[in-house]
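Visitor: Just passing along the structure, written as structure tokens.
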Amino acid sequence: ATGERVVAERTPRVLVGGPGSEWPALRRWGDSSYLEERLGVLDSVYHNTAPTFVWENPDREMGVRLGVGARAPHTLRDAVPARDLFSGITSCANASGSAVEYLYSTLQLPPSLAGDAPISGMGLAEHHPVARGVQTNLWLGGCGSTAHPHFDVSHNFHVQVVGRKTFELWPPWARLHMYPFAHPADRQSMIGDVVDNATAFANSGGQVYLPTPVVVKLAPGEMLYIPPFWAHRVTAGQSLTASVSIWWDSPEGDWFNAACRVGLPPGLMRSQPGSQHRIESLVLYVHALAKALGAQDGASARDLVRHYLYDDRYSLIEADLRCKDVPMNWQDVCSPGAKHAQPPSLSPPNWPGRDVANEASSDAWAHYAQQVIRALGPEGTTAQTDAPPGKVMASGSPSHRNTTIEHYVAVRRTLLIDYMEHVAGYAVGVARVCAFFRVCGGLHLPEEKPAGLPT
């Protein structure tokens, strides 16, 4: 089936002449009155004075506790007649200057239009092994409205129906400076958002740019497969655009929760919040996890924490996240060259399969770290080699097999970094996660100037 064969590669692919090319929607949806009649009133229409839309979840912990968010959030309006959306898109395309208002709408494909875009025959039947949690969405936009660079954890088949869209795609191993795990704009790039802020850009040393993307221009009837964890920026054409995305759960989307089910080492679970014991426990556990990213010793572990956590996710927004709010006792624990006194022996919880006799042993930290690594997907995952007809979007990349393995390695690294942030949030509180990685990542003490990002 098409879905099973394409997703095995984990490589973006444009499919021409697939099931979407025969949809009745291609003949019908170009008539906006047809859509107006069947859509009626829309539950959600997004408005912005700028063309780029940054998705936010204000319930994320940093939003609730620190009041942070994206720099230019859009507004959401409900109960908007479809005809008003379409006329607004036309007005936007013809407007200029400050009068421009950008709009787009996304909703689950309603029953009134589902018959025009059937997903049967696409290899995505509910019983299909790759098609858990299928969700079909309708996207309406135009006037150059743009979804900010972000990634999803689901598989995505995007079928263009009306107008054209441009997709810019980056693989999971590209360095995009994603927002922190607990930030309302999690899974979205800070580049083009906070980097527009002069102070943040100066702190970065002026070295923060989006890597060169793979560019796909999608025409009506064409279908693009976007693998999970592939970042993408999507820009609509000037006239009305309508498309359908088919999302379904990926195995990678389950790995983070599997890692969290491993549980935490007793040193973190039983130490008092804010105590020296807890900070030392967190440092030791983060360093054990860092070995999965290639660290050989404490110094290289600090370098990896600095690179993947502080530099990539926190340095650009350190003022917002109170990175300099560092308790004085952290400096003794986290300064480069500090020798950690091993925490006292603690009896581990009575968990099946856990035989950790002594918390003071470095093997105990490695035990939990290895359990987490095993939860983050199978080691050395490979893929099928029978590629379906289509345009391969990874021009110049390594072989199919190596690219697929590189995908899984990069996804596991991303999830491990998320897990480190999650554990640090538990141990020191979300308000001090940035401070922990700033100091305990082997960087500078609070009074020193922030370091620039590595090239």
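The values are calculated or read from the model by the stated rules, or taken from the named source; none is laboratory data. In this text, all values refer to a predicted model and were calculated from it rather than measured experimentally. Every residue, glycine among them, receives a Cβ derived from its backbone with ideal geometry; neighbour counts consider all protein chains shown. These area figures cover heavy atoms from the full protein model, side chains too; ligands, DNA and RNA do not enter into them. Shrake-Rupley method; radii C 1.70, N 1.55, O 1.52, S 1.80 Å.
Visitor: Ordered by packing density, taken as the mean number of other Cβ atoms within 10 Å over each peptide's residues, highest first, how do 170-182, 222-234 rank? Before the final figure, lay out the partial values.
Guide: Numbers: 170-182: 22.0, 222-234: 24.1.
The most tightly packed comes first, giving 222-234, 170-182.
Visitor: Can you work out the Karplus-derived ³J(HN,Hα) for every residue in region 138-155? Use 6.51 cos²θ - 1.76 cosθ + 1.60 with θ = phi - 60°, whole Hz, and x for glycine or proline.
Guide: Going residue by residue, I get 9, 10, 10, x, x, 6, x, 4, 9, 8, 4, x, 7, 10, 10, 9, 9, 5 Hz, with x marking Gly and Pro.
Visitor: So how far apart, in nm, are the two label points at Trp173 and Arg5 if each is 7 Å from Cα heading toward Cβ?
Guide: So the two model labels end up 2.7 nm from each other.
Visitor: Right, here's the next one. If I model a spin label at Val409 and Ala431 as a point 7 Å from the Cα along the Cα→Cβ vector, what separation in nanometres do I get?
Guide: About 4.1 nm, to one decimal.
Visitor: State the percentage of accessible surface on region 1-68 attributable to carbon and sulfur atoms; use a 1.4 Å probe and exclude ligands, DNA and RNA.
Guide: Numbers: 1420 of 3310 Å².
Heavy-atom surface of region 1-68 belonging to carbon and sulfur, 1.4 Å probe: 43 percent.
Visitor: Continuing with the same structure: Between Ala93 and Arg322, what length in nm is gained on full extension when 0.36 nm per residue of separation is reduced by their alpha carbon distance? Mind showing how you got there, number by number?
Guide: Details: separation 229, 0.36 × 229 = 82.44 nm, distance 4.10 nm.
Full extension of this stretch gives 78.3 nm more.
Visitor: Using 0.36 nm per residue of separation minus the Cα-Cα distance, give me the extension gain between Asn137 and Ala366 in nm, one decimal.
Guide: Numbers: separation 229, 0.36 × 229 = 82.44 nm, distance 4.30 nm.
Fully extending the segment from Asn137 to Ala366 adds 78.1 nm.
Visitor: What does the extension gain come out to for Ser21 and Thr166, with contour length at 0.36 nm per residue minus their alpha carbon separation? Spell out each step's value before the answer.
Guide: Numbers: separation 145, 0.36 × 145 = 52.20 nm, distance 1.81 nm.
Extra length from Ser21 to Thr166 when fully extended: 50.4 nm.
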